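Every number in this text was worked out from the coordinates using simple rules, so none of it is lab data. The structure presented is a predicted model; accordingly, all values stated were derived computationally and were not measured.
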Amino acid sequence: MTAELKIEGLRVSVAGKEVLKGFDLTMGAGEVHVIMGPNGSGKSTLAHALAGHPGYQVLDGSVTLNGVDLLSLSPSDRARHGLLLALQQPLEVPGVRPYDVMAAAGAPLDGLRERMIDEAERVVLRPELLERFLNVDLSGGERKRAEMVQLGTLRPQFAMLDEIDSGLDVDALSAVARRLQAATTEWGCGVLAITHFSRLLQELTPTVIHVVSAGRVVATGGPEMADILERDGYEPFRDLARA
Ligand SMILES: Nc1ncnc2c1ncn2[C@@H]1O[C@H](COP(=O)(O)OP(=O)(O)OP(=O)(O)O)[C@@H](O)[C@H]1O
Ligand SMILES: [Mg+2]
């Protein structure tokens, strides 16, 4: 069976307010799906809901990975089933080192440190930064690169990355885009990337771009959608959100 991540009719409330209002998205192995949408439209809420964050209440809908109901699993079991999430604001975890996180997530220990160093170099991250506690004392861009080390080391079936490009310098941006593109062929990783900028998509070719407004996908298109959004902004899509 080919891998499939399926989100259907997902409704999620945060602090008593419904933010996701029937979100649908289906993707397969090796595909690149990109979510673009205005600030506050619910993109990170989707990432938090998929992560199983306790503050995000699922009201309705389903999320399945290869037919398995993800929402009934604990956050760590979601990871074990092959979903990796890189949040918009990576958490600092004092006392825990990246190596321990990889080991706990089930990465084979044989050659683990070497693989992490190799992955760090691929995204232009100084490997010695991996010796620090997770994300502690790292710059914003370094944290994003450290998330990519997790992706390359754990090789998840699906990876959802919330603004992985924010705060990256141009060299890192290019390296991260190329690493993600390579992941789609190296092990058929399905990439679900939230971004505001088409620059990421110069070296990461989207299979589908989803435009999100007011908690729902209001339009989908191919790579050309990024240019349309850059030119026209989100205003033309707002009426679709109200419909
Ligand atoms: N923990 C929270 N408590 C209260 N409101 C929240 C919380 N998290 C999100 N919201 C609200 O939910 C809405 C959607 O937020 P979300 O972070 O999903 O937006 P986004 O699409 O990721 O925006 P951005 O492009 O700015 O990252 C916003 O109106 C936000 O204020
Ligand atoms: Mg966000």
Item to complete: Output the antiparallel fraction of DSSP beta bridges having both residues in the stretch 4-242, as a percent to the nearest 5.
Response: 60
Discussion item. Students often forget the sequence filter, so: which lysines lie under 26 Å Cα-Cα from LYS21 once same-chain residues fewer than 8 apart are removed?
Written reply: LYS6, LYS43
Worksheet entry | Residue-wise HN-Hα coupling along the stretch 2-9, computed from phi with Karplus coefficients 6.51, -1.76, 1.60 (Hz; x: Gly, Pro) | 6, 5, 8, 10, 10, 10, 10, x
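So what is the calculated 222 nm ellipticity per residue for the chain, using -39500 (n - 2.57) for each DSSP H run with n of 4 or more, over all residues, to the nearest 500 deg cm²/dmol? Show your work: numbers first, answer last.
Details: 8 runs with 82 residues, N = 243.
Helix-only estimate at 222 nm: -10000 deg cm²/dmol.
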Item to complete: Starting from the Cα-Cα distance between ASP118 and GLU92, subtract it from 0.36 nm times their residue separation and give me the gain in nm to one decimal.
Response: 7.1 nm
Worksheet item: Using the C-alpha atoms of the chain, what convex hull volume per residue, in cubic angstrom, is computed?
Response: 121
